[in-house]
1. Residue check, residue A:103 against (1) within 16 Å of residue A:326 (Cβ to Cβ); (2) in contact (Cβ under 8 Å) with a residue 12 or more places away in the chain; (3) not acidic (Asp, Glu), all met but one. Which one?
2. If you go through region A:370-379, how many residues are part of a helix (DSSP H, G or I) and surrounded by 20 or more Cβ atoms within 10 Å (Cβ to Cβ)?
3. Residues A:218, A:276, A:283: which one is away from every other protein chain (no Cβ under 13 Å) and under 28 Å from the mean Cα position of the chain (by Cα)?
4. When you go through (1) farther than 30 Å from residue A:378 by Cα; (2) more than 24 Å from the chain's Cα centre (by Cα); (3) within 14 Å of another protein chain (Cβ to nearest Cβ) one by one for residue A:162, which number turns out not to apply?
5. With aromatic (Phe, Trp, Tyr) and either surrounded by fewer than 24 Cβ atoms within 10 Å (Cβ to Cβ) or under 23 Å from residue A:236 (Cβ atoms) (or both) as the only criterion, which of A:408, A:357 stands out?
6. Going residue by residue through region A:179-201, is there one that turns out to be surrounded by 21 or more Cβ atoms within 10 Å (Cβ to Cβ), at pLDDT below 90 and in contact with a Phe, Trp or Tyr (Cβ under 8 Å, 6 or more places away or on another chain)?
7. Which of the residues belonging to region A:294-309 are more than 14 Å from residue A:152 (Cβ to Cβ), touching a residue at least 12 places away in the same chain (Cβ under 8 Å) and assigned to a helix (DSSP H, G or I)?
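The values are calculated or read from the model by the stated rules, or taken from the named source; none is laboratory data. Predicted model, so just to flag it, every value in this text is computed and none were measured. When we count neighbours, we look across all protein chains shown, and the Cβ atoms used for this are built from the backbone with ideal geometry, even at glycine.
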Amino acid sequence: MNNILETLKKLWMESGFMGFFENGGWKSFIMIIVALALLYLGIKKKFEPLLLVGIAFGTLLTNLPGAGLYHMEMWDAYVYECPYDAANEAILYDVEEERVLSVEEYMASLPEDAQEPEIIEKLSFTDIAHIGGLLDILYIGVKAGIYPCLIFIGVGAMTDFGPLIANPKSFFLGAAAQFGVFFAFFGAVLLGFNGNQAASIGIIGGADGPTAILTCMLLAPALLGPIAIAAYSYMALIPMIQPPIMRALTTEKERSVKMEQLREVSKTEKIVFPILVAGFVILLLPSTAPLIGCLMFGNLLRETGVTERLSDVAQNALMNIVTLFLGISVGATTVAARFLTVNTLKIVLLGLIAFCFSTVGGLLVGKLMYKLSGGKINPLIGAAGVSAVPMAARVAQVEGQKANPSNFLLMHAMGPNVAGVIGSAIAAGFLIKVFGA
Amino acid sequence: MDLKMNLGDAAIDAVMGYAIVFLGIALLVLVVVLMGRIMSRKKPAPAAPAAERQPVPAPAPVPAGPTAPGTAGDLKLYGTPDRDAAMIMAIVADELKIPLNELRFISIREVNKK
């Protein structure tokens, strides 16, 4: 009888449930509630469900005590390039003093009931694949910058740059809508974030998930979870965030402007465009190479007309597989100890500011173009300069039709919309160049 | 590694970053416009012997319907409001999975069932 009770007690003590009552376990419980809220938003409210459901489930898995699917300390050891004790899941690093501990110092600090240390001097991806959990292994794709780039191949394969080639002036609206990136960057510094963190937060304003993830992963990996969640949540909320700003900054007359039909773009132009843009932008700002290179490669697959199978794979199978891995592994980084901080609230607030000011930037330059063109350009298409393809263009179309039911702005708004993808990649390239190691 | 910035440096970086984005985009616009010009120059000019051909009789004039917005300008609408026409074009493009600017609509006519 005693044996049975002992066994049951042992099972209980070693179960994940017990983890909720241990030091800081309540935080995991709160994160599980956050995960459920995100699942609700993704499933019921359809907020970017393809990514948000994955992120939410990753959040749930990583915060279940004892699951051991993701090891935050191991990734800290990888980032700080310091030794890692695989047996006790601890790093040999003093965060307060910001220095690597010697093995002797570490051994002296170990509690008596600690396991025999198994120290790895410097972790590599091979070590992580060997000792890490499932989500650690999937996270390698984020850490190595593979997933965002593969997603960009898919985005490129799905994007028609025709409206942008037909009306190259749209490019300026894509650039103008990066205003929020730099406004939020400044705001983040004002709120006490360091340069790398501020740059990662600012790029939320680019309204481009893969770009935000890549920038954050390179500059401030510890903030990846909140930044990715903020970026994708606000992208889903664009139909709610943008219209009030659009109506506040434009007049009824401006919104009702009907734009002229775009010229026809030849197949050759569409084939040359990705080659030209990739070559030119990468030469201008080499740090944009992963994003612009993959985006334009995907687009070339779409436009050549001889790589339809590859284009199809990039748009569908590849995109879906990578989205699946990206979502769940980004969600895994939302470990309670890192996520439940005041900084997360600041990031959520700054993300919203970034989105709003990006919209403002696009609209103001749209209004300028309206004046310069003698009223031929509808300034609403400026708001589509935040990349979020094609959501932002659809919002411009809806608002334009509200002002004038016969207005058809969608194709005109697609130009600034895809220009925003290029603009945010250039903004990210600049920030990576300035703040990257 | 703490890289705290002062506000002055942050403001300079922000302004410079925004300016670089505009500069990069402006140069890109230049390149794309140049590409457009070169491509349009390469388009084959109307064939010279055309003048020698027999003149083709002009087609009989067709009663012009109202021109729909958002088309090449030669779309004729027969009993179809502009708004419905725009919607129909968007639906056709979506169903065919062909971008709207690659489609040309000649006319849209409302067919009444009797």
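1. Only one criterion is unmet by residue A:103, namely (1).
2. Result for region A:370-379: 2.
3. From the options A:218, A:276, A:283, the qualifying one is A:218.
4. The failed condition is (1).
5. Values: A:408 fails: either surrounded by fewer than 24 Cβ atoms within 10 Å (Cβ to Cβ) or under 23 Å from residue A:236 (Cβ atoms) (or both).
Checking each option against the conditions leaves just A:357.
6. So far as region A:179-201 goes, no, none of its residues is surrounded by 21 or more Cβ atoms within 10 Å (Cβ to Cβ), at pLDDT below 90 and in contact with a Phe, Trp or Tyr (Cβ under 8 Å, 6 or more places away or on another chain).
7. A:303, A:304
Yes/no per residue for (1) touching a residue at least 60 places away in the same chain (Cβ under 8 Å); (2) outside the structural domain of residue A:328 (by TED's automatic domain parsing); (3) closer than 27 Å to residue A:58 by Cα:
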{"residue": "A:125", "(1), (2), (3)": "no, yes, yes"}
{"residue": "A:128", "(1), (2), (3)": "no, yes, yes"}
{"residue": "A:172", "(1), (2), (3)": "yes, no, no"}
{"residue": "A:183", "(1), (2), (3)": "yes, no, no"}
{"residue": "A:189", "(1), (2), (3)": "no, no, no"}
{"residue": "A:202", "(1), (2), (3)": "yes, no, yes"}
{"residue": "A:207", "(1), (2), (3)": "yes, no, yes"}
{"residue": "A:219", "(1), (2), (3)": "yes, no, yes"}
